[in-house]
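Only the coordinates and a few stated rules stand behind these numbers; no lab work does. Every value quoted in this text rests on a predicted model; they were computed, and no experiment measured them. Cβ atoms come from the backbone with ideal geometry, glycine included; neighbour counts cover every protein chain shown.
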Amino acid sequence: MAEQSTMLPLGTIAPNFTLLDAVTGQKRSFNDLASSVGTVVMFICNHCPFVIRLKPTLAAVAQEYTDRGVSFIAINSNDIVNYPQDGPEFMKKDVEEFGYPFPFLFDETQEVARTFRAACTPDFYIFDGENKLVYRGQFDDSRPGNTIPVTGESLTNALDSLLEGLEVSTDQKPSIGCGIKWK
């Protein structure tokens, strides 16, 4: 069943966290990965049809904006006991298959998802160079079952405004996706 993101209040300061990188096996923190330009934190997973639909475009968008100085951090907070297909070994395969240019971190305790008030996959957050939340919501209007192409337009419009030094529009749509699989 589809759920909407909870829309963490704009202006919220990014919480620091340290999580396991599914590819390298190393612990990575928000403070170490954040960019002085801007940082995208996204809650995704391997099996959700909403995420599956956007994986190739997400990789391309992330590469384009990483090249422009934006940092991207993906987090999987799903319960892997009941959803083993979201485990770290499968996260690593996704990184390899789709060429993600960002770390894919595993939130085993689900504490980070709770701190962000993340509700679904995908769920996107953009923090400015001062780590203040300027965007939270959807990737774009595409959904499984509709004919709208996956473009990343909502996220890229916000990133373009941030990079151009403009105020990011507060007219933001919540993300819609599979509910996070809580323990």
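Write out, first by first residue and then by second, each pair whose Cβ atoms fall under 6 Å of each other, whose residues are 6+ apart or on separate chains, and whose first residue, in region 61-82, is farther than 13 Å from Lys183 by Cβ while the second is crowded, with 23+ Cβ neighbours inside 10 Å and of a type in the set (Val, Ile, Thr). Filtered contacts from region 61-82: Phe72/Val40; Ile73/Val41; Ala74/Ile44. For region 5-54, the set of residues classified as of a type in the set (Ser, Thr, Tyr) and touching an Asp or Glu at 6+ places or on another chain (Cβ under 8 Å) consists of Ser5 only. Among the conditions (1) in a helix (DSSP H, G or I); (2) closer than 20 Å to Phe127 by Cα, the only one that Arg68 does not satisfy is (1). Within region 161-183, the only residue that satisfies the criterion of being outside any loop (DSSP other than H, G, I, E, B) and either without any contact (Cβ under 8 Å) to a residue 60 or more places away in the chain or acidic (Asp, Glu) (or both) is Ser161. Condition first: assigned to a strand (DSSP E or B) and in contact with a Leu (Cβ under 6 Å, 6 or more places away or on another chain). Can you find one or more residues in region 107-122 that meet it? Looking for residues that are assigned to a strand (DSSP E or B) and in contact with a Leu (Cβ under 6 Å, 6 or more places away or on another chain), one finds none in region 107-122, hence no.
Applying the set (1) farther than 26 Å from Val37 by Cα; (2) acidic (Asp, Glu); (3) in contact with a Leu (Cβ under 8 Å, 6 or more places away or on another chain) to Glu97 leaves exactly one unmet item: (3).
Take Glu64 and decide whether it is under 23 Å from Gly25 (Cβ atoms) and more than 13 Å from the chain's Cα centre (by Cα). Before you say what the answer is, go through the steps one by one.
Values: under 23 Å from Gly25 (Cβ atoms): no; more than 13 Å from the chain's Cα centre (by Cα): yes.
It is false that Glu64 is under 23 Å from Gly25 (Cβ atoms) and more than 13 Å from the chain's Cα centre (by Cα).
Just to verify a result, which residue in region 126-157, among those that are among the charged types (D, E, K, R) and part of a strand (DSSP E or B), is nearest to Ile44 (Cα to Cα)? Walk me through how you get there before you give the answer.
We begin by selecting, within region 126-157, every residue among the charged types (D, E, K, R); these are 128, 130, 132, 136, 140-141, 143, 153.
After this cut, where a residue has to be part of a strand (DSSP E or B) as well, the list is 128, 132, 136.
On the way: Asp128: 21, Lys132: 21, Arg136: 14 Å.
Only one residue tops the list, namely Arg136.
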